[in-house]
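Take a look at the structure set out below.
Quick note: the coordinates plus some simple rules give every number you see, no bench work behind them. This structure is a prediction, so every number in the text was calculated from the model and none was measured. Note that each Cβ is placed from the backbone with ideal geometry, even for glycine, and that neighbours are counted across all protein chains shown.
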Amino acid sequence: MTAHGRGKSVPPKVWAGVVLVALALALLPFVAALAGQAWVRILNFAMIYIMLALGLNIVVGFAGLLDLGYIAFYAVGAYMYALLASPHFGIHLPFWVILPLGAGLACIFGILLGAPTLKLRGDYLAIVTLGFGEIIRIFLNNLNTPVNVTNGPQGVNLIDPFHVAGFSFARAQSILGVPFSGPQKYYYVLLLLTIGVIVINIRLQNSRLGRAWEAIREDEVAAKAMGINTRNVKLLAFAMGASFGGIAGGIFSATQEFVSPESFGLFESIIVLAMVVLGGMGNIPGVILGAILLTLLPEVLRSTMEPLQNALFGRVLLDAETVRLLVFGIALVAIMLYRPAGLWPSAVRKRELEVPKVVAE
Amino acid sequence: MDTFLQQLINGLTLGSVYALVALGYTMVYGIIGLINFAHGEVVMIGAMVSLSVIMALLGAHAPLPSVVIILAGLLVAITVCMAIAYAMEKIAYRPLRKAPRLAPLITAIGMSIILQNLALIVWGRNYLTFPTLIQPTPYNVLGASMTDLQMLIVVLAGLLMAGLVFVVQRTRLGMAMRATAQNPQVAGLMGIDINVVISAAFVIGAALAAVAGLMVMTYYGIAHYYMGFLLGLKAFTAAVLGGIGNLAGAMLGGVLLGIIEALGAGYIGDVSNICGFPFLSDSLQQQCAASEGQVSMFGSNYQDVFAFFVLILVLIFRPSGLLGERVSERA
């Protein structure tokens, strides 16, 4: 991926490409705003999902540990932010304090989940993580009696948006004569954070730790024999994946200004897993593609299904929400059938899948 | 003592339904190593189809005896579920048999979403009530009450499980299934048509799921397009608890999970009563006074936590489930 060596200078063509992409990313929220502010929000969601999917990719894609309860860490981060920056407890800490705290707490939860499950393999690990995710959700749902901690199913609202000394990211405002809406301002914060997460992930993958994860994924016994401390390395995968989830959760809380246990069900975990697998497990650009695709697809379907039915049958036969999910399900199956290794698989995985064909010839 | 026995009976009833569904998961897993996430939806389709048939027959002019009506509903549901499972395997799983392990898991999730939303389109968003065809009469069993409906569910589930064990252990198809589970390639070389065997595992599981769907619906009196999700999750948990891929394990896991849940729901309120603690805040002391010393940290709404917690504990000490053998990791 980062094939060019340290000493070499970067060719001007690459620079031009980087500048063009940066320009496109900077202008994107204004282009999206032409179709309505809702689309800017969707872009923001796509970036939150990119962070989540990249976090899960560390556990599933790099280390090969199937985690079906990943959304629990997202929930931990989201509730951490919600409780420390809302009128619920009357605490209003700034976001740069809470986000690291949320990441830290999620990291502790990751180790809590990881430590007892190190011995488990494959699908047993999947079901334990799934159970863990459900346990967290049920606790969030019920911790309103006898002591009200999470406010139960009603959730926490009036959460503080990001703000720095009077500059709030939620309000519409004109900067240097250019009108910015709340979601557009958030877009740039999210963009910076997402780029940060992507860079960390790329560096991780090419690090000593990243190679250790890959070794464990391919063959745990052999990895152990090569002197890798599999216990610590696996725990690190859980902890690091979880802390990305925690950060994404905090941002989710701040952008929505409302959290409830409903947002953290098993279905969410499954969707994030689908992003990782469908995009191309273990391959960072693939995972990003999967996250963008699976965030945009339902929204595009939502806005096109009713006009489409009107055009085809002259009336709305089926509820847009239902058709949207139905098509989403069909798309999941179809994409997997045509690209079993994901839309953009890593080079290693692609090679693995091609081996049987070569042998058959 | 009778609370205990009562919860045990309730748990046994629910547990035998879990066991029936868990068998479907475990058979498929044992043979092709796939978590068939859509299995819970097959249970839901079974409940919905049988409900539709029963309602249609109740509306017919000539009154039929209720046993005939229920049997007709069950037969249609079994047929539909078998057809769905067969088609599902052929479309979504068979082409991916040699793909990376997580690919069929994602198609299974896709199938689950598809089935759920098809059901939503056909049967609507509302809870459907099951007509009281069988009026449950309670019987006294050692001081606790057990309805004839509960007895019927337990006995029928037991018979079906015995039948399945007979098929797997004593028939040619069963022998082929066991051989395929051990090694598909070698089984193929021995002249076994692996595709037929795998289809059979799906179809048999679906038939059991249809029966379980009807049972759950008669027991609770309602059906809903979303009912398959939690039921499937519990049944899968049960299968893992017993040791996935192992028939006896699925049965044991199902019954155990049902009992653990019922006992947990029955006792967790008393066990976690905090009014006895010496250092309570003022508001908690007021709550205790107002409710006659009954303020629980965890109420019966923590029932599901209990089930998953026990599962995690069991897996920590027995990483392959209660009756599971050590399995090696598949890539």
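With a 10 Å cut-off around each Cβ of A:265-273, the average count of Cβ atoms from other chains is 2.
Shielding by partners for peptide A:327-335, expressed as the average number of C-beta atoms from other protein chains within 10 Å of each residue's C-beta, is 6. Using a cutoff of 8 angstrom between alpha carbon atoms and counting only pairs six or more residues apart, the relative contact order for the stretch B:2-317 works out to 35 percent. Take every pair of alpha-carbon atoms less than 8 Å apart whose residues are at least six positions apart; their mean separation over the length of the stretch B:14-91 yields a relative contact order of 27 percent.
Computed over the alpha carbons of the stretch B:193-311, Rg followed by Dmax gives 20.1, 71 Å.
Here the peptides A:320-326, B:306-312 are ranked by packing, the mean other Cβ count within 10 Å, and the order with the highest first is B:306-312, A:320-326.
For the stretch A:19-74, the alpha carbon positions stretch 41, 27, 13 Å along the principal axes, listed from largest to smallest. Counting lysine pairs in the protein assembly as shown that sit 8 or more residues apart in sequence, or on different chains, and whose Cα atoms lie under 30 Å apart gives 20.
Projecting the Cα atoms of A:L343, A:L99, A:I284 onto the charge dipole of chain A (Cβ charges, centred on the Cα centre) puts A:I284 farthest toward the positive pole. Pick out, from A:I111, A:L84, A:L143, the residue whose Cα sits farthest towards the positive end of the charge dipole of chain A, with +1 on the Cβ of Lys and Arg and -1 on the Cβ of Asp and Glu. The Cα lying farthest towards the positive end belongs to A:I111. Mean partner shielding of peptide A:218-225, defined as the number of other chain Cβ atoms within 10 Å of each residue Cβ, is 1.
Charge tally around B:K234: other residues with Cβ under 12 Å, Lys/Arg +1 each, Asp/Glu -1 each, net -3. For the pair A:V316 and B:I222, a Förster radius of 22 Å applied to the C-beta separation gives a FRET efficiency near 0.15, rounded to the nearest 0.05.
Is the stretch A:219-361 best put as rounded, prolate or oblate by its Cα gyration tensor, with a ≥ b ≥ c the root eigenvalues, rounded for a/c under 1.5, and otherwise prolate when a/b is larger than b/c, oblate when not?
Oblate shape, in that a/c is at least 1.5 and b/c is the bigger or equal ratio.
For the stretch A:129-186 versus the stretch A:241-263, the spacing of their alpha-carbon centroids is 7 Å. Specify the residue with the greatest mean-square fluctuation among A:L158, A:L318, A:L84, computed from a Gaussian network of chain A linking alpha-carbon atoms under 10 Å apart. Greatest mean-square fluctuation among the candidates belongs to A:L318.
For the pair A:R208 and A:L158, label points projected 7 Å from Cα toward Cβ lie 5.1 nm apart.
A simple rule links phi to the HN-Hα coupling: the Karplus curve 6.51 cos²θ - 1.76 cosθ + 1.60 with θ = phi - 60°, which for the stretch B:172-182 gives 5, 4, x, 4, 4, 5, 5, 5, 5, 4, 6 Hz, with x for Gly and Pro. Counting only Cβ charges, +1 for Lys and Arg and -1 for Asp and Glu, the dipole size of chain A around its Cα centre is about 1000 debye. Whole-Hz Karplus values for the stretch A:61-72 come out as x, 7, 8, x, 9, 6, 10, 9, x, 4, 4, 4 Hz, taken residue by residue from phi with 6.51 cos²θ - 1.76 cosθ + 1.60 and θ = phi - 60°; glycine and proline positions read x.
To one decimal place, what Kirkwood hydrodynamic radius in Å is obtained for the protein assembly as shown from all pairs of distinct Cα atoms? Kirkwood radius, the protein assembly as shown: 27.2 Å. Here the Karplus relation 6.51 cos²θ - 1.76 cosθ + 1.60, evaluated at θ = phi - 60°, turns the backbone of the stretch B:225-230 into coupling constants of 5, 9, 5, x, 5, 5 Hz, with x for every Gly and Pro. Modelled spin labels at A:W96 and B:S66, positioned 7 Å past Cα toward Cβ, are 7.0 nm from each other. Against the main long axis of the alpha-carbon atoms of chain B, helix B:303-317 sits at an angle near 60°.
All C-alpha to C-alpha distances of the stretch B:1-145, sorted into 10 Å bins beginning at zero, yield P(r) values of 10, 29, 30, 21, 9, 1 percent in whole numbers.
Protection proxy ranking of B:125-135, B:97-107, A:32-42, A:68-78, by the mean of other Cβ atoms within 10 Å over each peptide's residues and highest first, is A:68-78, B:97-107, A:32-42, B:125-135. Does the stretch B:79-205 come out rounded, prolate or oblate by the C-alpha gyration tensor, with a ≥ b ≥ c the root eigenvalues, rounded set by a/c under 1.5 and, if not, prolate when a/b is larger than b/c and oblate if not? Taking the square roots of the gyration eigenvalues as a ≥ b ≥ c, the stretch B:79-205 is oblate. Note on A:A172 and A:F258: with the Förster distance fixed at 25 Å, the Cβ-Cβ geometry gives a FRET efficiency of about 0.85. Working value for the stretch A:72-134: equivalent-ellipsoid semi-axes of 29, 11, 7 Å, each the square root of 5 times a Cα gyration tensor eigenvalue, largest first. Note on chain A: with a GNM built from Cα contacts shorter than 10 Å, the maximum mean-square fluctuation among A:D160, A:D219, A:D319 falls on A:D319. For the pair B:Q135 and A:N148, what calculated FRET efficiency results from E = 1/(1 + (r/R0)^6), where r is the Cβ-Cβ distance and R0 = 35 Å, to the nearest 0.05? For A:N148 and B:Q135, the calculated efficiency is 0.20. In a simple Cβ point-charge model (Lys, Arg +1; Asp, Glu -1; nothing else charged), the stretch A:118-214 has a dipole of about 300 debye relative to its Cα centre.
Considering only B:A209, B:G264, A:S303, the residue lying farthest towards the positive end of the dipole of the protein assembly as shown is A:S303, judged by Cα position with unit charges set on Cβ. When Rg and the Kirkwood Rh are both derived from Cα coordinates, the Rg/Rh ratio for the stretch A:38-280 amounts to 1.00. Ordered from longest to shortest, the equivalent ellipsoid semi-axes for the stretch B:135-271 are 34, 17, 15 Å, each the square root of 5 times a Cα gyration tensor eigenvalue.
Taking the Cα centre of chain B as origin, work out the dipole magnitude from +1 charges on Lys and Arg Cβ and -1 charges on Asp and Glu Cβ, in debye rounded to 20. Dipole magnitude for chain B comes out near 1300 debye. Computed on the stretch A:203-346, with alpha-carbon pairs under 8 angstrom and 6+ residues apart, the relative contact order is 21 percent.
Across B:I198, B:I121, B:I69, mean-square fluctuation computed from a Gaussian network of chain B (C-alpha pairs under 10 Å connected) peaks at B:I121.
Taking amide H atoms as placed 1.01 Å from N in the peptide plane, the amide H of A:L68 lies under 5 Å from those of A:T129, A:L130, each 5 or more residues away in sequence or on another chain. The ellipsoid that matches the Cα gyration tensor of the stretch B:2-317 has semi-axes, each √(5λ) in whole angstrom, of 36, 26, 19, with the longest given first.
Listed as lacking a disulfide-compatible partner in chain B: B:C81, by the criterion of no other cysteine Cβ under 4.7 Å.
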